[in-house]
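Report on one structure; see the data block that follows.
The values are calculated or read from the model by the stated rules, or taken from the named source; none is laboratory data. Predicted model, so just to flag it, every value in this text is computed and none were measured. Quick reminder, even Gly has a Cβ in these numbers, built from the backbone with ideal geometry, and neighbours come from all protein chains shown.
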Amino acid sequence: MKNILLRFAILLIILPFISCTETNKSPASESRTIKTEVLRDKIAGGWAGKMLGVTYGAPVEFKALCKTFEDPITWVPKDVIGSKWQDDLYVQLTFLMTMDKYGIDAPAKKFQEQFAKAGYELWHANVQARKNYFDSIFPPQSGHPDYNIHADDIDFQIEADYIGFMCPGMPQTSKKLADKVGHIMNYGDGVYGGIFIGALYSQAYFETDVTRVIQQALHSIPAESDYAKIINDVILLHSHYPTDWRASWKELEEKWGSTHICEAGAAFNIDAKLNGAYIIMGLLYGEGDPIKTMEVTARCGQDADCNPSNALAVLGVIKGLSGLPQQYREAVQNMGDTLFIHTDYTFNKAVDQTIKYAKELAIQNGGSVTDTELTITVQPNQTYPLEIAFPKLVFDHKVSVFENNGWQFKGEWKNFNTNNEDANNALYNEAKFSSETGNEAVLNFEGTGISVCGNWHRECGKADIYIDGELKRTIDEYFWFAKQTHNDMDLYHITNLKNEKHTLRVVVKGEKRPEATAANVYLSKAIIFKNEDKKNENFKFSFQH
């Protein structure tokens with residue numbers, strides 16, 4: 001009995017230590033290894049895919065809106081030389097140059113600064129992020145829907161490749177970098193586009209089956225997002241129409257074709273999720289064939305150079321440069337030391353620097369590097385939190401400043417046109433402008449949101465924006481960066497208003513920044529929005545009825 005009690009007492013004493021030891025013991029982390037020459041080949045394949053795909057689709061970019069492109073596509077591999085002029089390459093190479101200058105962990109503001117001050121033109125979410133920088137609106141606000149009506153646009157999706165390329169088997173690392181850079185110009189689905197693209201590349205290093213690459217990458221973005229929903233729709237449509245991509249396209253267009261906010265009411269669609277769906281269409285229906293992958297993606301229409309660029313880049317990582325057709329390899333290698341405009345990068349340098357950063361990131365995240373191989377600590381593919389830029393917001397109508405029974409103007413407002421025609425001829429009028437302090441433009445509207453549009457020019461100044469008598473923001477229309485001007489741009493927008501009558505008032509301040517040549521305030525139109533359940537929420541495909 002004494003022996004039993006003694007043993008029990010000893011057990012009580014040592015049990016906490018045993019438990020503590022077992023609890024704190026962590027199993028060895030799972031790892032993956034990739035040979036250095038294989039890593040180089042896959043990175044080279046990714047960059048080559050970007051270059052080949054963008055030049056394949058360039059002649060048909062936005063030639064098919066709300067329809068498939070059915071004319072012949074003339075392209076030969078040597079046309080890849082045109083990639084040196086493509087923003088799909090030089091914008092993200094600017095981000096690589098930022099890392100070269102400020103380090104791999106450079107803050108988001110540095111990335112924004114470098115491309116805001118670059119000498120090339122920008123559009124949509126990118127150009128708004130550039131203007132936001134010079135208006136002292138920095139990340140993540142610069143891409144937030146309150147300050148960027150293009151938040152859901154394609155911009156980051158076509159510029160995130162370098163992130164995925166340098167994160168082999170590291171989807172969490174890719175997502176972290178994409179979160180930082182993506183919110184410079186985008187939000188919600190616009191950021192998910194870049195996260196998803198990066199995840200495709202990250203998975204493509206260790207997976208050869210395209211369908212599995214797509215399914216694994218989907219874990220990076222929330223299933224509740226429209227971006228995830230449209231990609232899942234493409235997968236579903238492909239399973240139902242495995243040999244007829246046009247049948248899939250038609251049903252996809254009916255459900256998703258008019259859900260964008262940017263360019264509301266237009267056939268032109270630069271929305272990230274729809275164009276992202278076309279990337280996946282090309283990958284699934286391309287069946288691993290490079291030319292077929294590019295062709296299907298480009299023929300889906302809309303941003304038909306960016307989409308095949310992304311699609312072939314994914315295939316390029318899966319196959320490696322060595323797995324692409326010989327003519328493709330030779331064409332890319334022949335321009336290996338050719339500079340991409342606005343950068344100090346060539347194809348060869350892009351490959352070398354991407355390898356360098358891939359090694360740094362692997363070590364930062366628990367991996368190791370030798371002369372012959374890279375060992376990566378496996379990362380769980382955790383889902384990014386849900387962001388929705390414009391929930392339930394839909395286009396209602398537009399009101400031109402020349403529309404009768406629309407705008408009311410106080411003080412002298414002149415007509416503006418760019419056709420050097422009679423300013424009194426309404427056929428040519430594009431905007432009204434004034435620089436006199438206190439002059440006003442008033443619009444009564446009914447809805448849940450409004451975007452007031454005008455011009456960004458060198459001779460522009462400031463105005464106060466009021467909604468229902470409350471000062472909301474002072475805007476500055478000055479723009480002369482990269483010697484670029486823009487007409488009919490979003491000057492200010494507001495959403496989530498009560499669905500009732502409201503009054504917009506624009507008051508000219510007569511003030512300007514020192515570098516502006518005048519204090520003109522231009523107005524072209526207002527876009528009115530309303531809230532409603534979008535048609536795709538309860539939409540059923542034909543075979544689901």
When every residue in the range 117-140 that is among the charged types (D, E, K, R) and part of a loop (DSSP other than H, G, I, E, B) is compared, the one nearest to Ile475 (Cα to Cα) is Asp135
Condition set of a type in the set (D, E, K, R) and closer than 21 Å to Pro385 by Cα, scope the range 124-158, selection surrounded by the fewest Cβ atoms within 10 Å (Cβ to Cβ): answer is Asp146
Considering the range 94-110, residues that are in contact (Cβ under 8 Å) with a residue 24 or more places away in the chain and touching a Phe, Trp or Tyr at 6+ places or on another chain (Cβ under 8 Å), and then whichever is farthest from Asp352 (Cα to Cα), we arrive at Lys109
Over the range 290-338, the set of residues among the acidic types (Asp, Glu), over 14 Å from Asn275 (Cα atoms) and under 27 Å from the mean Cα position of the chain (by Cα) is Glu295
Of Glu113, Glu159, the only residue that is in contact with a helix residue (DSSP H, G or I) (Cβ under 9 Å, 6 or more places away or on another chain) and in contact (Cβ under 8 Å) with a residue 24 or more places away in the chain is Glu159
Inside the range 489-539, the number of residues satisfying the requirement of being of a type in the set (Phe, Trp, Tyr) and in a loop (DSSP other than H, G, I, E, B) is 1
Of the candidates Leu89, Leu96, Leu52, Leu65, the one satisfying the condition of being closer than 30 Å to Pro380 by Cβ, in the same structural domain as Leu339 (by TED's automatic domain parsing), of a type outside the set (Gly, Ala, Ser) and at pLDDT 95 or above is Leu96
**Report entry** Leu339 vs. criteria in contact with a strand residue (DSSP E or B) (Cβ under 7 Å, 6 or more places away or on another chain), at pLDDT 95 or above and not basic (Lys, Arg)
**Finding:** no
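For (1) surrounded by 15 or more Cβ atoms within 10 Å (Cβ to Cβ); (2) at pLDDT 95 or above, each residue gets a yes or a no:
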residue: Gln353; (1), (2): yes, yes
residue: Thr383; (1), (2): yes, no
residue: Thr418; (1), (2): no, no
residue: Lys432; (1), (2): yes, yes
residue: Ser435; (1), (2): yes, yes
residue: Glu440; (1), (2): yes, yes
Among strands (runs of 3 or more DSSP E) entirely inside the range 361-450, those with 2 or more residues being over 30 Å from Tyr162 (Cβ atoms) and among the acidic types (Asp, Glu) are 440-447
How many residues of the range 298-344 are surrounded by fewer than 21 Cβ atoms within 10 Å (Cβ to Cβ), hydroxyl-bearing (Ser, Thr, Tyr) and under 23 Å from Ile163 (Cβ atoms)? The answer is 1
Those residues of the range 448-481 which are in contact with a Phe, Trp or Tyr (Cβ under 7 Å, 6 or more places away or on another chain), farther than 19 Å from Ala518 by Cα and surrounded by fewer than 21 Cβ atoms within 10 Å (Cβ to Cβ) amount to Ile465, Lys472, Arg473
Checked against (1) at pLDDT below 95; (2) under 26 Å from the mean Cα position of the chain (by Cα), Cys20 satisfies every condition except (2)
Of the listed residues (Thr68, Thr36), the one being out of contact with any Cys (no Cβ under 8 Å at 6 or more places or on another chain), surrounded by 15 or more Cβ atoms within 10 Å (Cβ to Cβ) and over 14 Å from Ala350 (Cβ atoms) is Thr36
